[in-house]
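The block underneath contains the structure these notes are about, expressed in structure tokens.
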Amino acid sequence: MLPSDLSYTVYYLPMPDHINIIEIFPSVQGESTLTGLPTTFIRLAACNLRCTWCDTTYSFGRGTAVDLEEIVKQVKDFGCQQVCVTGGEPLLQQNVYPLMTELCDAGYLVSLETGGSLSTTKVDPRVRVILDIKCPGSGMHEKNLWDNLTQLKSQDEVKFVLLHREDYDWALEVCHKHQLFNKGFALLFSPVHGKLNPQDLVKWILENKINVRLNLQIHKFIWTPETRGV
Ligand code: SF4
């Protein structure tokens with residue numbers, strides 16, 4: 001069943017036991033507390049959001065329907081212990097749930113990057129959820145599903161992508177309002193690459209003495225920001 005708040009045109013109907021995929025590739029994890037670890041990325045097709053600064057607009061397309069067994073085989077062939085399920089918005093496709101469970105059963109350390117507008121309640125509890133809270137600069141902050149914050153486990157992470165000082169102030173307010181400090185999970189403050197100077201963000205974090213983690217996307221420094229499949 002498709003999510004009820006789907007606000008875009010669905011131009012494919014997933015086949016049973018298949019997931020529409022944009023790409024599967026090995027790299028090093030570019031962000032979160034897992035930064036630098038060899039990871040297989042499974043990028044699912046389609047997104048219900050349209051963030052102003054989106055760096056993966058190529059994931060908006062239809063992708064290719066790939067059998068779950070084939071996905072797991074490719075993950076095995078790449079041989080990374082970490083697997084990151086990402087998008088697009090991975091939770092738009094219902095077969096992502098059995099895929100994540102199968103990968104956990106097989107002993108992989110699975111993380112999920114989600115845009116935060118769809119419920120995470122059906123995600124296997126062994127999966128590390130990296131939950132975006134969309135700030136006003138994204139143009140998508142009214143899509144945040146706040147109930148997701150009540151579902152977080154201690155190993156999960158909350159990510160704010162910040163376009164400007166207004167986003168930073170807004171994120172700080174959200175952290176205070178929802179008492180996100182001292183909950184045990186990592187709070188990631190990530191400057192939009194090429195838009196917000198990381199030096200400014202570090203200065204603000206230190207000035208406010210807040211226990212958040214600066215989250216830079218290291219793949220954009222290792223390769224060019226436009227490089228795909230890394
Ligand atoms: S949620 Fe992610 S993929 Fe979707 S528009 Fe925003 S940044 Fe792009």
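Structure above, values below:
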read-out	value
For the chain, built as a Gaussian network whose Cα springs stay under 10 Å, the top-fluctuating residue of THR150, THR40, THR86	THR150
Placed amide H near LYS159: partners under 5 Å, 5+ positions off or other chain	LEU131, ASP132, ILE133, LEU188
DSSP bridge pairs, the chain: antiparallel proportion in percent, nearest 5	30
Relative contact order of the chain, defined on C-alpha pairs under 8 angstrom at six or more residues apart (%)	17
DSSP-assigned coil residues among chymotrypsin sites (Phe, Trp or Tyr not before Pro) in the stretch 194-230, each with at most 15 further Cβ atoms within 10 Å	TRP223
For the chain, calculated [θ]222 nm from helices alone, where every DSSP H run of n ≥ 4 adds -39500 (n - 2.57)	-6000 deg cm²/dmol
For q = 0.13, 0.17, 0.18 Å⁻¹, Debye-computed log10 I/I(0) when each Cα of the chain counts as one equal scatterer	-0.75, -1.34, -1.51
Extension reserve of the ASP200-ASP105 stretch, reckoned as 0.36 nm per residue once the Cα distance is removed	29.9 nm
Set of lysines with alpha-carbon distance to LYS134 below 27 Å, sequence-local pairs under 8 removed	LYS122, LYS143, LYS153, LYS159, LYS177, LYS183, LYS195, LYS203, LYS209, LYS220
Interchain or long-range residues, amide H under 5 Å from GLU23's placed H	ARG43
Solitary cysteines of the chain, where the nearest other Cys Cβ is not under 4.7 Å	CYS47, CYS80, CYS84, CYS104, CYS135, CYS175
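Read-outs throughout are calculated quantities, based only on the coordinates presented, and are distinct from any laboratory measurement. Not measured: the values here are computed from a predicted model. All Cβ positions, glycine included, derive from the backbone under ideal geometry; neighbour counts span all protein chains shown.
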